[in-house]
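Peer 1: This is the structure I have questions about; it appears just below.
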Amino acid sequence: MTEWHFYEPANGHRLPHDPLNAIVAPRPIGWISTLSAEGLRNLAPYSFFNVLNYKPPLIGFSSMGWKDSVANAEATGEFVWNLATRPLAEAMNATSAAIEGDEFAAAGIDAAPSRIVAPPRVAASPVAFECVVTQIVRLETRDGRSLDQWLVIGEAVGIHIDASLLDDGIYQTARARPISRGGGPEDYFETTPDTLFRMRRPG
């Protein structure tokens, strides 16, 4: 017989650490670069992130609090998503620090110009999506109470891919060594070729 730990989130989880983000894991990382209205560069990672639609390509990241990435996205209508990889993990982590100023410079990260939008991309990241904001949504509870949680959705209008990640035009996911967020304060996962399995959808 299975023994279940059941809890109602409104009443607390009764565990040493909230298991929610360890269960829904690993989660892709939204490494978001923006510019302020005054032109100050910002770079920050978000673990509530994913692709939301194929055509047009929509991606979204959710911020706990009205942080610079959200404010900049609202002010300029643009952002760039940069793929976080194992070689860039420490640099990505450094950009999670709350600082005043340019996160690119503070973390020693080189920037590269975008083609369509103004915010720069991370030069060493092998994939980047240049995005135009389509929606900024303040999240609510089931009873309509507004949260200090903001979902930013953008349409990818330009996509950069390091050509070494393509085999006969097919993108090789694991070759980029992407990293994802696990649970707790420290857990991350790397996608590697040995974890690959294939399964075709029916129909």
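The values are calculated or read from the model by the stated rules, or taken from the named source; none is laboratory data. Since the model is a prediction, treat every value here as computed from it, not as a measurement. Positions of Cβ are backbone-derived with ideal geometry, glycine not excepted, and every protein chain shown enters the neighbour counts.
Peer 1: Name the pairs: first residue in the stretch 71-88 and more than 13 Å from Phe61 (Cα to Cα), second residue part of a strand (DSSP E or B) and polar (S, T, N, Q), Cβ to Cβ under 6 Å, at least 6 apart or on different chains?
Peer 2: Within 6 Å, the pairs are Asn72/Thr34; Asn72/Asn42.
Peer 1: I would also like to ask the following. Scan the stretch 13-29 residue by residue and report those that are modelled with pLDDT of 90 or more, touching a Lys or Arg at 6+ places or on another chain (Cβ under 9 Å) and not charged (D, E, K, R).
Peer 2: Pro26, Pro28, Ile29 - these are the residues of the stretch 13-29 that are modelled with pLDDT of 90 or more, touching a Lys or Arg at 6+ places or on another chain (Cβ under 9 Å) and not charged (D, E, K, R).
Peer 1: Any residue that is of a type in the set (D, E, K, R), crowded, with 16+ Cβ neighbours inside 10 Å and under 28 Å from Glu90 (Cα atoms) - is there at least one of those in the stretch 160-168?
Peer 2: Looking through the stretch 160-168, none of the residues is of a type in the set (D, E, K, R), crowded, with 16+ Cβ neighbours inside 10 Å and under 28 Å from Glu90 (Cα atoms).
Peer 1: Look through Ala156, Ala124, Ala118 and report the one residue that is in contact with a helix residue (DSSP H, G or I) (Cβ under 8 Å, 6 or more places away or on another chain), modelled with pLDDT of 95 or more and either over 14 Å from Glu74 (Cα atoms) or of a type in the set (Lys, Arg) (or both).
Peer 2: On inspection, the qualifying residue turns out to be Ala124.
Peer 1: Would you point out the residue of the stretch 154-173, among those that are assigned to a strand (DSSP E or B) and of a type in the set (Val, Ile, Thr), that is farthest from Pro9 (Cα to Cα)?
Peer 2: Per the criteria, the residue is Ile170.
Peer 1: List pairs: first residue in the stretch 131-149 and touching a residue at least 24 places away in the same chain (Cβ under 8 Å), second residue of a type in the set (Asp, Glu) and in a strand (DSSP E or B) anywhere in the structure, Cβ distance under 7 angstrom, at least six positions apart or on different chains.
Peer 2: Once the first residue is touching a residue at least 24 places away in the same chain (Cβ under 8 Å) and sits in the stretch 131-149, its partners that are of a type in the set (Asp, Glu) and in a strand (DSSP E or B) give Cys131/Glu78; Cys131/Glu155; Val132/Glu78; Val132/Glu155; Val133/Glu78; Thr134/Glu155.
Peer 1: Another question, if that's okay. Can you find a residue in the stretch 107-115 that is modelled with pLDDT of 95 or more, polar (S, T, N, Q) and within 23 Å of Arg41 (Cα to Cα)?
Peer 2: For the stretch 107-115, residues modelled with pLDDT of 95 or more, polar (S, T, N, Q) and within 23 Å of Arg41 (Cα to Cα): present.
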